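Novice: One structure, as structure tokens, below. Some questions next.
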Amino acid sequence: MKRLIDTCFPWLFTLGDFLVSLVSLTVANLLFQSIGLVVDAEFSVFLFLAFVWILVSYVRKDFDIGRTDEYYLTLKKLGITLFWFLAATAILWTPIQHIPIRWVPLLGLGMVLGIFMAMYRVLVHLLLRKYRAKGNDCHNAIIVGRCGTSPRLAEVLRIRKDFGIKFLGYFDDQADCAQTRGRIDDFFKEAPGLKLHIIYIQDLLDVTLVKKIIEFADENYIKVKMIPGRSLQLEKNLSFSKYGDLHVINVNEIPLDNALNSFGKRAFDVVFAGLTTVFILSWLIPLVGILIKLESRGPIFFVQKRNGLNNKVFDCLKFRSMTPNDYADTLQATKNDPRVTRIGAFLRRTSLDEMPQFLNVLMGDMSIVGPRPHSVPMNQSFKTQLVKYNSRHKIRPGITGLAQVRGFRGEIENSFQIRSRVRLDSFYVNNWSFLLDIGIMANTVRELLFHRENAY
């Protein structure tokens, strides 16, 4: 039987969503009127768009905030809802306004709505956690099988009161501790009186017993969750593949293995790099090329073999910033390096020497954001020194990356720096999102403007 909060919360959330969307749309209208982007729109238009927002939000079940969900999942769900709302608005704009759609006001509307909604939904998430941390809206849970990682889960439930999951104890045939309620056979006798909401099962239990517990839970409308063993307690999300009636766990799948994610990232790369090539590189390459030629003999571009996607070697392009030498692939540039030319020093200090890599992006060898590629000799050296170093090659290398905006750019002077780079690269590979890319690009601009200490 559903409790009052389970019945009321979706309606309260939806009502709040409606009011916030109405306020957001009104604020956006007043803002755009003040700068002359739109003329005054009737209130009925905002009312209609607010209902469109509610419809999209309700269909996507945005009110369903998981007890263990973190804030970024709430914001991720909001981003997808916002996308579908803007798509619906773009289709309905002309019929309701009787004027052709204007993309700048529409995108501005989405931005204002996104800001207000993000604040509202994070606030709701926070209030839910505070409410549950005080002992309200709790779900009762037990663990069958006190072995493997079961004690770790029990400790998490004890510490994270904000999850709203009350741990009632173990049922196990061998364990004898203060939290053990009895043997596994006792579970089937006591469970009906415990008002359980969740049963956690340790995956080391016998398959027949697991099936019996699941059948019992189905008959009593209780959720069942499996506790994976230590080998699957990884710092990443697990996904599943289905082979007929058999499910297998994808242990090392990454977000960019998803075809839609991969296509979206590549499409963004091509559009961004294409615009950069047409509007910037078209005049920058001839200009910088002349300056390089005037100062020293040699090619305009420095072409270096580097390791890319799946460790495939590609030709990485840079503006030549040094006099031609035999140590370019093996000896890193250092402060006051005598090999660096005067124009080269300027290019390196401003990172303009990396600009030709937008051509690498168009050719499919690189991405705008990703782990920075190293030369082949350096790559060979680092992969023998660091465990999981090669995992950074699961995706295309980038012109900029998470490690670079966290202060690990330029010369590698000690093992700590390369270990930190690899750790940040690994986090990026396993937690990629479009918003993360946008954040890294914004921080790259900030780094270029205000933090030039390691640029030489």
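Novice: Let me know the shape class of region 340-456, please: from the alpha-carbon gyration tensor, a ≥ b ≥ c as square roots of the eigenvalues, rounded when a/c is under 1.5, otherwise prolate if a/b is greater than b/c, or oblate.
Specialist: rounded
Novice: Moving to a separate point now. Count charges around residue 353 for me, please; just the other residues with Cβ under 12 Å from its Cβ, Lys/Arg as +1, Asp/Glu as -1.
Specialist: Counting the neighbours of residue 353, the net charge comes to +3.
Novice: How much length would be gained if the chain were fully extended between residue 414 and residue 450, taking 0.36 nm per residue of separation minus their Cα-Cα distance, in nm to one decimal?
Specialist: 10.6 nm
Novice: Given the peptides 23-31, 138-146, 82-90, arrange them by the average over their residues of other C-beta atoms within 10 Å, most packed first. Show your work: numbers first, answer last.
Specialist: Values: 23-31: 18.1, 138-146: 20.6, 82-90: 16.2.
Packing order, densest peptide first, comes out as 138-146, 23-31, 82-90.
Novice: Once you place label points 7 Å from the Cα toward the Cβ at residue 209 and residue 176, how far apart are they in nm?
Specialist: Each label point is offset 7 Å from its Cα along the Cβ direction, giving 1.7 nm.
Novice: Mind checking which lysines have their Cα closer than 22 Å to the Cα of residue 318? Skip sequence neighbours fewer than 8 apart in that chain.
Specialist: Qualifying lysines at Cα under 22 Å: 293, 305, 335.
Novice: With a sphere of radius 9 Å drawn around the Cβ of residue 422, what net charge do the other residues whose Cβ falls strictly inside it have (Lys, Arg +1; Asp, Glu -1)?
Specialist: +4
Novice: One quarter of the convex hull surface, Cα atoms only: what value does that give for region 346-394 in nm²?
Specialist: 4.3
Novice: May I have the pair-distance distribution P(r) for the chain, computed from all Cα-Cα distances with 20 Å bins from 0 and rounded to whole percent?
Specialist: Cα pair-distance distribution for the chain, in percent: 19, 40, 33, 8, 0.
Novice: If r is the Cβ-Cβ distance from residue 385 to residue 33 and R0 is 60 Å, what FRET efficiency results, to the nearest 0.05?
Specialist: The computed FRET efficiency comes out at 0.50.
Novice: Follow-up question, since we're still on this one. To the nearest 0.05, how large is the calculated FRET efficiency for residue 342 and residue 363 if R₀ is 22 Å and r is the Cβ-Cβ distance? It would help to have the intermediate numbers written out before the result.
Specialist: Values: r = 30 Å, r/R0 = 1.38.
Between residue 342 and residue 363 the formula returns 0.15.
Novice: On a straight-distance basis, which lysines could pair with residue 134 in a cross-link, Cα separation under 24 angstrom, same-chain partners fewer than 8 positions away excluded?
Specialist: Leaving aside lysines fewer than 8 places away in the same chain, those within reach of residue 134 are 2, 161, 166, 195, 223.
Novice: Treating the angle as unsigned and between 0 and 90°, give the value, to the nearest 10°, between the Cα long axis of helix 207-219 and the longest Cα principal axis of the chain.
Specialist: 70
Novice: For the chain, what does the accessible surface come to per residue with a 1.4 Å probe? Please give it in Å². List each step's numbers first, then the result.
Specialist: Values: 25820 Å² over 456 residues.
With the other protein chains kept in place, the chain gives 57 Å² per residue.
Novice: Relative contact order for the chain using alpha-carbon pairs under 8 Å, separation at least 6, rounded to a whole percent?
Specialist: Contact order relative to length: 9 percent.
Novice: Can you tell me what share of the DSSP beta bridges in the chain is antiparallel? A percent to the nearest 5 is fine.
Specialist: Roughly 45 percent of the beta bridges in the chain run antiparallel, per DSSP.
The values are calculated or read from the model by the stated rules, or taken from the named source; none is laboratory data. What you are looking at is a predicted structure, and each value in this text was computed from that prediction instead of being measured. Every residue, glycine among them, receives a Cβ derived from its backbone with ideal geometry; neighbour counts consider all protein chains shown. When the accessible area is computed, the model is the full protein with side chains, heavy atoms only, and any ligands, DNA or RNA have been set aside. Shrake-Rupley method; radii C 1.70, N 1.55, O 1.52, S 1.80 Å.
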